[in-house]
1. Need a quick list: helices (runs of 4 or more DSSP H) entirely within segment 241-347 having at least 1 residues that are in contact with a His (Cβ under 8 Å, 6 or more places away or on another chain).
2. Can you name every residue in segment 428-484 that is open to solvent by less than 30 Å² (accessible area, probe 1.4 Å), closer than 20 Å to HIS390 by Cα and not in a loop (DSSP other than H, G, I, E, B)?
3. With the structure loaded, tell me whether ALA169 is at pLDDT 95 or above, open to solvent by 40 Å² or more (accessible area, probe 1.4 Å) and part of a helix (DSSP H, G or I) or whether it fails that test.
4. Of all the residues that make up segment 189-219, how many are farther than 24 Å from ILE380 by Cβ and not in a helix (DSSP H, G or I)?
5. In segment 384-423, how many are open to solvent by 20 Å² or more (accessible area, probe 1.4 Å), farther than 28 Å from LEU270 by Cα and in contact (Cβ under 8 Å) with a residue 60 or more places away in the chain?
6. Restricting to segment 229-282, what's the tally of residues that are among the β-branched types (Val, Ile, Thr), over 21 Å from the mean Cα position of the chain (by Cα) and open to solvent by less than 30 Å² (accessible area, probe 1.4 Å)?
7. Any residue at all in segment 491-509 that's modelled with pLDDT under 95 and not in a helix (DSSP H, G or I)?
8. Kindly provide the set of residues from segment 15-60 that are modelled with pLDDT of 95 or more and among the acidic types (Asp, Glu), ordered by number.
Amino acid sequence: MATIGITEPWATRPSEAPTYVLSRWLFLRLLGVVYLVAFLSLCPQVTGLVGEQGLLPAGAFLERAHAIYGAAAVRLFPTLCWLGAGDAMLRALCWTGVVLALLLIAGVAQTPVLLLLWVDYLSLSVAGQTFLWFQWDALLLETGLLAVLFAPTQLLPSLTTERAPLAPARWLMWGLLFRLVVLSGVTKLASADPTWRHLTALDYHFWTQPLPPWPAWYAHWLPAWTHKAMTLAILVIEVGVPWLMLAPPRWRHAGRARHAACAILILGQLGIALTGNYGFFNLMAIVLCVPLLDDPLMRRVLPLPLTAGPPEPRWRVYAVRGLAPVLALLALLAFAREIAQTVPGVRRPLENPLLDAVAPLRSVNGYGLFRVMTTERPEIVVEGSDDTLHWKEYGFRWKPGDVTRRPAFMAPHMPRLDWQMWFAGLDPAGAQPWLLPLLRRLLAGTPQVLELLGDNPFPARPPRYVRLVYYRYRFAEPSVRAGTGAWWERDRVGYLTKALSLADFAAAN
């Protein structure tokens, strides 16, 4: 005797393959938002960082590369800045990226627009040198390149029909999200860092991370057991939850598993964003979760009449099916190498001819934030003086300086000099290639560089001398904050440089 049941609106029959037209529609527009944020954030910074009067001029960098590698430099450092690396070119690349991002959001010619966006951002990433070599820059490049295969080939947007995404391209997007999250967890465990092994990482993280916002102060002073529970939750989410997204498509509950993975991962990213400033990383990671959602679920939250239209042209199907195995192999190799290099005892990158061949494109990457937790917070403070007796401190907009200034939110904006100052505190010698030019530009009063900072204590004319002072920062205890209003406490460790003048730099050259 047959029974009549009620089918849940988001369920898919085992014999039916779910479609992902609406989630792809939303994903590509949100990816356009990420590109827009990235370019708009970089626009006011790019000339001060790598412009003609910047800290690491792109033109000089490419000249050195050509002198060392000859004609091969163009392949090793792929950038449109070979056509010109002046301020005008850098600004043009940024604003071109803004226009292309708006076209992507509007749904116009998304496949060619995505390819142009990738070329544009790759060009700026190469020219930007150390200032544009963060994990979210790499993630945006890899996502943008895979999105070229994922996007529809229609030139004009439609509100009724859109070609359904090809399954191999969709799995590549899922694989990127899987690799991003799982590597973040596995590398924490593989590094043998004691703070992760003993679940004490969050005892340090909130105050030693690069640019903590004010909620991080409150999170730091939560009970120790709360930190342990949160640390354990992070490891479980990063190592365990991504496997849900790999459920076989024909499994009855595969859709629910992917929906659950999407929800948990998004909540995790929102938690990270609440207590940290990581540029557009959290936004990018959330956007990567969107392709996990199938059309039956999306229609409940995005009531568009959009349905799957005619299939993609045959050439497109062959191209995606031909490239997908190659890209999947490269992703697997990057996954394995990242884990192997994290294991203690591996001193140098493991060589792989395939990964080495595509490395200049910066679009097949390993990931893993905070695999080794920082347990101290050294900070470099820049001071200027006219007489070497009375010193004034330069203020940065975002990084810790004045202990009474409340730590602020700035994400998804990415203040790249402030971020690099955090790395410089951990390794001052490694930062010399741009840290000493920073001092020289301050002595010269270079406007493009001064715009990267906050308060200029010498508004009338530049100081005659500058120096670097080394401090140890830590969050102020609640009793200290209640009495003084200070968010930070700091102790001076010493001086990284003597009092330097323009004559010292001229003599060094």
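1. Numbers: elements: 254-275, 281-289, 295-301, 314-342.
So the answer is 295-301.
2. Of everything in segment 428-484, those that are open to solvent by less than 30 Å² (accessible area, probe 1.4 Å), closer than 20 Å to HIS390 by Cα and not in a loop (DSSP other than H, G, I, E, B) turn out to be LEU439, LEU442, LEU443, VAL466, LEU468, VAL469, TYR471.
3. When the stated conditions are applied, ALA169 does not pass them.
4. Total meeting the criteria: 7.
5. 6
6. First pass over segment 229-282, keeping only residues among the β-branched types (Val, Ile, Thr): 231, 234, 236-237, 239, 241, 264, 266, 272, 275.
Add one more test, that the residue is over 21 Å from the mean Cα position of the chain (by Cα), and what stays is 231, 236, 241.
Still in the running and open to solvent by less than 30 Å² (accessible area, probe 1.4 Å): 231, 241.
Summing the residues that are among the β-branched types (Val, Ile, Thr), over 21 Å from the mean Cα position of the chain (by Cα) and open to solvent by less than 30 Å² (accessible area, probe 1.4 Å) in segment 229-282 gives 2.
7. The answer is yes, given that some residue of segment 491-509 is modelled with pLDDT under 95 and not in a helix (DSSP H, G or I).
8. The answer is GLU52, and nothing else.
The values are calculated or read from the model by the stated rules, or taken from the named source; none is laboratory data. What you see is a predicted model, and the numbers here were worked out from it, not measured in a lab. No Cβ is skipped: glycine too gets one built from the backbone with ideal geometry, and neighbour counts run over all protein chains shown. The accessibility values were calculated without ligands, DNA or RNA, using every heavy atom of the protein model including side chains. Shrake-Rupley method; radii C 1.70, N 1.55, O 1.52, S 1.80 Å.
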